[in-house]
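Trainee: After the structure tokens below, expect a handful of questions from me.
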Amino acid sequence: MDVAFVSEFTGGQRVFRYVDAASQDSPVCAGGADPLEESYCQRVVDGRLPELIHDAHELSVATELPVTTALPVGAHMSVPIRLKNGNVYGTFCCFSHAPDHSLNDRDLAMMRVFADLTAEQIERELETEQTERDISDRLRAVIAGEGLAMAFQPIVDMGRDEPIGFEALARFSCEPTRGPNVWFAEAAGMGLGVELEATAARLALADLARLPTRAYLAINASPATVASGRFDSLLGDVPAERIVVEVTEHAAINAYEQLEAALRVLRQRGVRVAVDDAGAGYASFRHILRLRPDIIKLDMALTRDIDRDPARRALASALITFAADTGSTIVGEGVETAGELAALRRLGVDAAQGYHLGRPTPLSDIRGPAALALR
């Protein structure tokens, strides 16, 4: 056969999805389309043409079709591609320009095998496409504001034992139930990461006026979101000196220039910069060296059991010395016990956050002497 192809029936058209042709000059090419009613494919599916044709010019119903002479079509085999629901996706076809009387039922049976294998592959592709549409739909619903709210976790000054800031953390109440990291990772994978982060940042900024006036608001943003300029545009006329952007990225960044340029714009407005998860891996140390943050946040992998682990204390101490030499401040994350808090205090950590000091809560639940003292 000179040409083989998989076609899809859609919108009254026969669309060539996959084509293998012996000649590069073949008029049948992937992505091309023609009217379904004028095709062999439709007539094979509805029974007007047989699945196996040795010589198209011997059949009047074939010679009535202009394509028979135009291509020309000699021998032709075509079988429907049926999906699991019984619907006809299209056909698997092949033809030669010359007649071929050697073709037989065994050849046609092999075509049906190929069509079944093709149907299985198409089913997988359609399921993947549907899954991606479902993911995109639910992400866009969240981006529009459905099922997304912000919680705020206090960042406590070690000297005064009072909140000096609050980190805004996204909370998702929509299905499926899973952690925020999964939602943001899924959005990034669908090309919607910046949009979702921008929505979370907008919600957080809307609550800034209701936070204690001397407290800053820390908002997480990936390098992609910062570099896009979206974060800067969201600030509007908010007091930028009360904003800390926490650069969250566990992987290495290959090109820092655009990110550094965007951060310069934010810093000129008064925004401070924090590097999140310091100590979680090599990438975070590189971020510290390149971005020169105002705040370095020790990852919970470093603060966990720091009161009982000399190695963790040694690494934290090195970062504290580095911060002092570069004018940064240190925040210990993930503090869950009094022992961890006491160890960080002895090391000279500036501030801390974690369940031991306060869980993330809705803004309406931020109350009490510690919060009120900052008004």
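Trainee: So which residues in segment 21-37 are surrounded by 14 or more Cβ atoms within 10 Å (Cβ to Cβ) and farther than 12 Å from Phe95 by Cβ, if there are any at all?
Mentor: Gly32, Ala33, Asp34, Leu36
Trainee: If you don't mind, there's one more thing I want to ask. On the given criteria, is Ala221 in the same structural domain as Phe172 (by TED's automatic domain parsing) and at pLDDT 90 or above?
Mentor: yes
Trainee: Shifting gears a bit: Anything in segment 250-268 that is of a type outside the set (Gly, Ala, Ser) and surrounded by 12 or more Cβ atoms within 10 Å (Cβ to Cβ)? List them, or say none.
Mentor: His250, Ile253, Tyr256, Gln258, Leu259, Glu260, Leu263, Val265, Leu266, Arg267
Trainee: Of everything in segment 269-315 that's among the acidic types (Asp, Glu) and in contact with a helix residue (DSSP H, G or I) (Cβ under 8 Å, 6 or more places away or on another chain), which residue is surrounded by the most Cβ atoms within 10 Å (Cβ to Cβ)?
Mentor: Per the criteria, the residue is Asp276.
Trainee: Restricting attention to segment 30-80, which residues are part of a loop (DSSP other than H, G, I, E, B) and in contact with a strand residue (DSSP E or B) (Cβ under 6 Å, 6 or more places away or on another chain)?
Mentor: Ala30, Gly32, Ser39, Glu51, Val73
Trainee: Sort out for me the helices (runs of 4 or more DSSP H) sitting completely within segment 168-253 that have 1 or more residues that are over 17 Å from Val271 (Cβ atoms) and touching a helix residue (DSSP H, G or I) at 6+ places or on another chain (Cβ under 7 Å).
Mentor: Helices (runs of 4 or more DSSP H) meeting the threshold: 180-189, 193-206, 223-228.
Trainee: OK, next. Being more than 17 Å from the chain's Cα centre (by Cα) and either more than 23 Å from Phe152 (Cβ to Cβ) or not aliphatic (A, V, I, L, M) (or both) is the filter here, so list the residues in segment 231-252 that pass it.
Mentor: Matches in segment 231-252: Phe231, Asp232, Ser233, Gly236, Asp237, Pro239, Glu241, Arg242, Glu246, Ala252.
Trainee: Does His54 qualify as being surrounded by 17 or more Cβ atoms within 10 Å (Cβ to Cβ), over 20 Å from Val28 (Cβ atoms) and not hydroxyl-bearing (Ser, Thr, Tyr)?
Mentor: Yes, satisfied.
The values are calculated or read from the model by the stated rules, or taken from the named source; none is laboratory data. Note that this is a predicted model, so its numbers are computed, not measured. When we count neighbours, we look across all protein chains shown, and the Cβ atoms used for this are built from the backbone with ideal geometry, even at glycine.
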